[in-house]
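Have a look at the structure below before the remarks.
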Amino acid sequence: MGKYFGTDGFRGEANVNLTVEHAYKVGRFLGYYYGKDHKPNIVIGKDTRRSSYMFEYSLVAGLTASGADVYLLHVTSTPSVSYVVRTEGFDCGIMISASHNPFYDNGIKVFNGNGCKLEAEVEELIEEYIDNNEETIPLMTRENIGKTVDHAIGRNRYIGYLISLATRSFQGKKVGLDLANGSATSIAKGVFDAIGAKTYVIGSEPDGTNINKNCGSTHMKDLQKYVIENNLDVGFAYDGDADRCLAVDENGNIIDGDLIMYICGTYMKERNDLANNTVVTTIMSNMGLYEAFERKGIDYVQTAVGDKYVYENMQENGHSLGGEQSGHIIFSKHATTGDGILTSLKIMEVMLESKATLSELCKEVSIFPQLLVNVRVKDKRAAKEDPVVAEYVSKLSEKLGKDGRILVRESGTEPVIRVMAEAKTDKLCNDTVNLIVAKIKEQGHLIND
């Protein structure tokens, strides 16, 4: 991770550690970088945060000042930006969003011309430019200044693409959607309605400050209750920029990313669509998922946390399915990044083609209890690499043996250390995590010390 760019772009609290000046300079550099030998075309999308408009205008100012023509998708999802970039010949795409974070955070995600997350070496060049007090990029003048173009049609083409992927009509299916008061509000309901579902929606009234607030894929209780109360067949919850999806079965149980990978992986294997007979997971995936894969004869690999790393592995090795427990699921035949709405359509396909409920499709998976706690610390790296903490974690891991595991890692998007324990009982998970957090506190790393 760089100084500004983490695992999912440049993220921070709006006008605190991600400012309009930062956005302007990101725009200035990208316009210059992609315009060395031609006039670049760059597309921008945003989520519903209050600050997204502010950052959009700052990016536009920087990009056009460097000579780029800018095409605006307006409120849309992260995967739609990736889709538009790779299908319409743009030089790069920018999404303004902090994903699942609260409304006061925001972020700048950049995609290259192939619709993939921006290369690390280019991110490093952007960081150097941001920190350089001397202006090194010329300002364009006269006819060389860039223009801004309304490009809502690009989002509409993406919606049409999603609709085209459905293998059967959803008629007769009652589907609940939690749109997280975010990007999905401009896309998801229209897609499900067009395919024939009877669609029930919550989290669909964004006001600039309620994105992800007690709704969406990070707060599932309302959707669970909604599915049961309305006797729905299934529910889907997206995050703020709609690149994640978690599901709720007909009984109100949460179907996380691991279970989604199992459902889709076994379905794809049965139809000879699972390339290399392999699913790409991250180190956060549950041991129960791997046991279930082994019973089905499905191979798996692990990457670092982040759909960026999942896709890199898929691309390098020709795999067709991968994802994260958090709900970033990638179907490489259709997308280069996690896509929440696409994921929900794929789950519907499995349910319809298999003539099975969601609970039936994952009944053979026994998920190990798992607890993840975010610990706010003064310095993520110092806390993680503290030799006393590391030795203590090692001893606890030895004690768990083959019946569990511990993972302590730096967040790529927040100022926290993530402490995760997986074991055969909830009590053992709780005890293990609490002991590690206490040790981190004892070493003086907590931000509130």
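The values are calculated or read from the model by the stated rules, or taken from the named source; none is laboratory data. On a predicted model such as this, the values are computed, not experimentally measured, just so you know. Cβ coordinates were reconstructed from backbone atoms using ideal geometry, including for glycine residues, and neighbour counts include every protein chain displayed.
Out of all the residues in the range 316-330, which are assigned to a strand (DSSP E or B) and of a type in the set (Gly, Ala, Ser)?
Once the filter is applied, which keeps residues that are assigned to a strand (DSSP E or B) and of a type in the set (Gly, Ala, Ser), the range 316-330 yields GLY322, GLY323.
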May I ask you to list pairs of residues, at least six apart or on different chains, whose Cβ atoms are under 8 Å apart, with the first in the range 222-238 being over 12 Å from LYS174 (Cα atoms) and the second being of a type in the set (A, V, I, L, M) and surrounded by fewer than 19 Cβ atoms within 10 Å (Cβ to Cβ)? GLN224/ILE254
What's the number of the only condition in (1) over 26 Å from ASN101 (Cα atoms); (2) buried (at least 17 other Cβ atoms within 10 Å of the Cβ) that ILE330 fails to meet? (1)
Which one is surrounded by the fewest Cβ atoms within 10 Å (Cβ to Cβ), of the residues in the range 149-164 that are out of contact with any helix residue (DSSP H, G or I) (no Cβ under 6 Å at 6 or more places or on another chain) and hydroxyl-bearing (Ser, Thr, Tyr)? SER164
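So that you can scan it fast, the table gives a plain yes or no per residue for (1) on the phi < 0 side of the Ramachandran plot; (2) in a helix (DSSP H, G or I); (3) crowded, with 17+ Cβ neighbours inside 10 Å:
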site: CYS264; (1), (2), (3): yes, yes, yes
site: TYR267; (1), (2), (3): yes, yes, yes
site: GLY288; (1), (2), (3): yes, yes, yes
site: GLU294; (1), (2), (3): yes, yes, no
site: VAL301; (1), (2), (3): yes, no, no
site: VAL305; (1), (2), (3): yes, no, yes
site: MET314; (1), (2), (3): yes, yes, yes
Restricting the first residue to the range 144-173 and requiring it to be touching a residue at least 24 places away in the same chain (Cβ under 8 Å), which pairs with a second residue that is of a type in the set (D, E, K, R) meet a Cβ separation below 6 Å and a spacing of at least six or different chains? GLY146/ASP69; LYS147/ASP69; THR167/GLU349; LYS173/ASP233
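Restricting the search to the range 269-286, which residues are in contact (Cβ under 8 Å) with a residue 12 or more places away in the chain, part of a loop (DSSP other than H, G, I, E, B) and either farther than 22 Å from LEU407 by Cβ or basic (Lys, Arg) (or both)?
Narrowing the range 269-286 to residues in contact (Cβ under 8 Å) with a residue 12 or more places away in the chain: 269, 273-286.
Of the ones still in play, those that are also part of a loop (DSSP other than H, G, I, E, B) are 273-274, 283-286.
Listed by number, the residues that qualify are ASP273, LEU274.
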If ILE447 satisfies every condition in (1) within 28 Å of the chain's Cα centre (by Cα); (2) under 24 Å from ASN286 (Cα atoms) but one, which is the exception? (2)
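Only residues that are closer than 22 Å to VAL227 by Cβ and either touching a Gly at 6+ places or on another chain (Cβ under 8 Å) or crowded, with 23+ Cβ neighbours inside 10 Å (or both): list them for the range 184-195, please. Break it down into steps so the answer makes sense when it comes.
Residues of the range 184-195 closer than 22 Å to VAL227 by Cβ: 184-185, 187-195.
ALA184, THR185, ILE187, ALA188, VAL191, PHE192 - these are the residues of the range 184-195 that are closer than 22 Å to VAL227 by Cβ and either touching a Gly at 6+ places or on another chain (Cβ under 8 Å) or crowded, with 23+ Cβ neighbours inside 10 Å (or both).
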Residue among ALA61, ALA23 that is more than 22 Å from ALA120 (Cβ to Cβ), assigned to a helix (DSSP H, G or I), modelled with pLDDT of 95 or more and aliphatic (A, V, I, L, M): ALA61
Across the range 358-410, which residue is farthest from the chain's Cα centre (by Cα) among those that are surrounded by 16 or more Cβ atoms within 10 Å (Cβ to Cβ) and acidic (Asp, Glu)? ASP386
Being among the hydrophobic types (A, V, I, L, M, F, W, C), more than 22 Å from the chain's Cα centre (by Cα) and not assigned by TED's automatic domain parsing to the domain that holds ARG244, is that true of even one residue in the range 111-125? yes
Part of a loop (DSSP other than H, G, I, E, B), touching a residue at least 12 places away in the same chain (Cβ under 8 Å) and closer than 30 Å to PHE5 by Cα: which single residue out of LYS333, LYS424 fits that description? LYS333
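Yes/no per residue for (1) in contact (Cβ under 8 Å) with a residue 60 or more places away in the chain; (2) of a type in the set (Gly, Ala, Ser):
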| residue | (1), (2) |
| --- | --- |
| ASP37 | no, no |
| GLU56 | no, no |
| ALA68 | yes, yes |
| PRO102 | yes, no |
| GLU121 | no, no |
| ILE130 | yes, no |
Which numbered condition THR167 misses (of (1) modelled with pLDDT of 95 or more; (2) part of a loop (DSSP other than H, G, I, E, B); (3) surrounded by fewer than 17 Cβ atoms within 10 Å (Cβ to Cβ); (4) at negative phi): (1)
